[in-house]
Structures are given as C-alpha cells and as structure tokens.
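A short write-up of the structure that comes next.
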Amino acid sequence: MRAAASRWMQQHPWATPVLALLCGATLTTAFDPIGYWPLGLFAMGVLVWLWRDLPHVWRAAQLGFAFGLGLFLSGVSWIAVSLHVFGGMPMALAALATLLFCVYLALYPALVGALCVWLSPSGPRRTLFAVPVLWCLFEWLRSVVFTGFPWLTLGYAGTQAPFAGFAPIVGVFGISMVMLWVVGGSVELIRRWLPADVQTTTHRSVVRWVVTLCVLLGGGALLQRIEWTQAIGAPLTVSLLQGNVAQDLKFDPRRYANTVQTYTDLAFQSQARLIVLPETALPRFLDQIEPDTLHTLRAIAQRNQGALLLGVPVRSDPSTYYNAAISLDDAPMQHYRKQHLVPFGEFIPPGLEAVLHVLHIPMSDFSRGPITQPPMRVAGQQVAVNICYEDAFGAELAPAAAQATLLANVSNVAWFGDSLAPGQHLQIARMRALETQRAFISATNTGMTAAIDRNGRVIARLPQFTIGRLDTSVQGYTGLTPYLRWKDTPLICLLCIGVIALFVLRDRR
C-alpha cells in the first residue's frame, strides 16, 4: 500500500504540497476557539511523516512552506479585517499585505524542513530529535525576530490536558517540544505495523514507543497536581467591564459622551473591590478627560474600598504618548505604560512612515514604556498589568509576574471583528496563567472578557459583542514556578546544544 501511494505521489508531484497545505490549515483547529488538539496533532503528524524519509532538502522546504502557508492563512486571516475594515486600507491591498505576511511566517517551517533533511538522516533520529529541536527553535525565533509574532505557536494547543502540566516548568515552547515528541513517537509506532516495516519490528521497540508515549501523556497529567504557588489573602471580588463600543465609532468625538456614560453606569452598579476597564476605554488622552469623570470613577472605587484600573492613553508632551493603564483609588495614581508595541498598529518602523498615508489608525505612533515596570499595588493585591497582545510574550511578562499575586490584561480586540483572533488571544492568556500559576483576568472592549484560574481554566466569561459586567472572584497567589525563575533560557540553551549535536553528527556521517 505504501509503495503504491509513493508511486502515485511521484506521478503527481503537486499532491504532497497540497496535502501539506491542507494539513497546515487543519492545524488551526487545534487552537481556540475550536480547540480540537487531537486533530491538530494528526495534521502535524502527516507533515512529520512526509519529512521522515525525504532525501531532498528543497522538497522538504517546499512541504514546510506549504504547511506554514496553510496554517497562517487560515489562522491569522483576521489581519486583513483589521487593515481593511478598521485601518482604511483598500481590500486588495489589505489582502496582499496579509498574504505577504503569511508568506514570511511560512518561511520558518520551510527552514525547519530544509535543515531537518540536511542535518539528520532519515528515520527515527529525524522524527524524534531533529524535527522537535528545530521546530521549537524556529518557533522561538519567530517570537523575537522583527519584534516577534508568537501567534499559533504549537504549544498553545496544549492548554488542555494532558500537556498543561508542563507549562509551569518549560513554558509554551517546551510544550511544543513535548507535543512533537508525541507526534514523532506516534509516527514511529504506526510505521512499525506497516507491511514494509513489520519484518524489522521487534517487540522491544514497540514497547519502548508505547512506554514513551504513556510517560509523556501521563506525566503532563500528573504534573498538574503540583502546586507551585500558594494562596495569599482572601479571594478578591472583581468586575470586568465590556463596553462593546464598535471600533469604527470608538474614536468618533460624537460617541465619546455615550462611551463615558456606558462605563460609568457599569462601574456604578459594581460592588467589587477591583473594577477593570479595557484598553483605551476612554478614547482621549488622560489630560483631556474631564476631571468630573475621573472623580466619579475614583469615588466608585473608594465606595467599594478598592480600586479601578482604567485603560487610557497618556502623554508626557505633545509628541510622546503611551498606550497605558492607570489606577484610581485612595492612593496616588499608578501608571503602566505598554512596552511591547504592535508594528504599524501602534508604531511605525523606521523608514516606513509612508504607511501612515495608507492606514488610518488613530494614535498609531505610541512610544514604548519602560521594559521593567513593577506591579500595581491595588485592592490589597500586587497586579501585573499588560495591554493587548503583550500577554503573548511569556518571558517578557515573567519579571513582573514573579512579583505579582494577580495578572490583568486590558485589550481592545474589536480591531479583528468576529474572527478567530479573540478566541486565540484568550487561549494565550490561559497559557500565561499556567506558566505563572497565577489567576489571570482580562477586560476587553468587545470580547473575550474573562477570568482564568491558575490552572488555565476559564471560570467566567462574557459573551462577545455585548455590553456587560463580569462579576467574579479570584484568588491571589505567591511563589515562583520554574518557568518564572528561568523563563525560556534553559530550553533555548538545550535547543542550541541539540542543533550543535546535529551538526556534529552530520560531519561524522
């Protein structure tokens, strides 16, 4: 059967790239809001199978590129929505820009395939060593090159059991490694029963693969029982406000009074000690907001004997302004200024200022906040605040999270409409909760406003595209997970050692 399939593919050279493209698109289903990780692992397994015995570097790169293109075109197509619908870019140009971005992202799995074939012989060494090492290394590189884009990192599909237990130890990239070992082990195990391999199969090899898979799958489940952090204080009541202000109306001056009234009414009805409003909830600079509005919000927090966190842009002078969050309570106002900005959405890379003539995004040239910012001390908790997609960078959040008892994200994902992006973003927040073993609360403009416990479970959530207030309680925690202590450093060192080993073994061959 396998020989017949091989002959058919040789006669139809387009078949395997198309298969890889479809499998890449299928991997998108492993991530939220679909979240069916077994199907995603099957898709990944097909790619590993195709790479296993391939002798040609260029062919492996071609398959990796097709797989990556399928993954990113299906998984981040919402970028075109933000560019066209809310950025004012013509649809054809927005589609072209999104396609080019996905082509760039697809180069990473293409390089993985090429290096796997060039550095490693065919067989188990490639599936169980070369592919996991190189895939994870290039996922990490994708998260740092050109400010980074870690979206759709394979490990995010591991927020569900049985992989979640590895998060506090090795983080999202380490979970990618574990999942790829499961994929590679499954590929090798299946091949042992194929007619072409059955004569070379030994009982010992089959037992070895089965035991390895059981250790990986069962180990993750057992690790979830470890409590790396300890509760501190009583549970905190929180209210997360969702104003559901349409993005095309958000910065309309005629809509401003209505926005203020919406959030003031939602806050006034809350009895929680901590009230959190989304990113740029009040779409004016802080110094332009009427003192009466700030006084009213502060009075509500004081009435509840707590604090209110407000997403609002702040500026130190007319040309220097920040995407920020502030605290309103009895104490002096505290600030958090976003430091990891979104290219083109929040800052224009040097030399590309002409893009401003195509995109029409308000406040699209923010300044970066300080890299090191302490948690806010509010409502009896140390709250590490992050804004929008900053929570996609676990290593950057780790220093503040290590000092914090609670994580809070304020976002405005209305930029991406009714797409896969909000669900993917919520899954990223769940991974940060797992890595830090801290509760994570997220207040958004249109969804998904949610509270997540330290085990990555969503304990409460508001429906998308509704005006509402999510009232719940969360527990503060203290203590350090291994990931908070070391971040990605040990894993990246091991991956680099693995690459060196691949080069050494190749030279010996």
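Since every read-out is calculated from the coordinates, none of them should be taken as a lab result. The model shown is predicted, which means the values in this text are computed figures rather than measured ones. Don't worry about glycine lacking a Cβ; one is built from the backbone with ideal geometry, like all the others, and counts go over all protein chains shown.
A few points about this structure:
- Going by neighbour counts of Cβ atoms within 10 Å, the residues 322, 336 line up, fewest first, as 322, 336.
- The HN-Hα couplings worked out from phi for segment 490-498 by the Karplus form 6.51 cos²θ - 1.76 cosθ + 1.60 (θ = phi - 60°) are x, 5, 5, 4, 5, 5, 5, 4, x Hz, whole numbers, x standing for Gly and Pro.
- Separation between Cα centres of segment 391-465 and segment 90-106, rounded to whole Å: 27 Å
- Under a 5 Å amide H cut-off, with hydrogens placed 1.01 Å from N, residue 378 pairs with 383 among residues at least 5 apart or on other chains.
- Listed values (i) 35.7, 112; (ii) 24.2, 82; (iii) 22.6, 78 include one computed from this model; for Rg and Dmax of the Cα atoms in Å that value carries the label (ii).
- Relative contact order (percent, whole number), the chain, Cα cutoff 8 Å, 6+ residue spacing: 16 percent
- Packing-based exposure ordering (other Cβ within 10 Å, fewest first) of 415, 151, 118: 118, 151, 415
- P(r) of segment 235-480 over all Cα-Cα pairs, binned every 5 Å from zero, in whole percent: 1, 7, 15, 20, 22, 18, 12, 5, 2, 0, 0
- Estimated FRET transfer efficiency (residue 330, residue 493; beta-carbon r; R0 45 Å; 0.05): 0.45
- Label-reachable residues, segment 71-86, where backbone N falls under 17 Å from a point 7 Å from residue 251's Cα toward its Cβ: 81-86
- Cβ-based exposure ranking for 411, 473, 316, 120, in which fewest neighbours within 10 Å come first: 316, 473, 120, 411
- Relative contact order computed over segment 235-480 (Cα-Cα under 8 Å; 6+ residues apart), in percent: 22 percent
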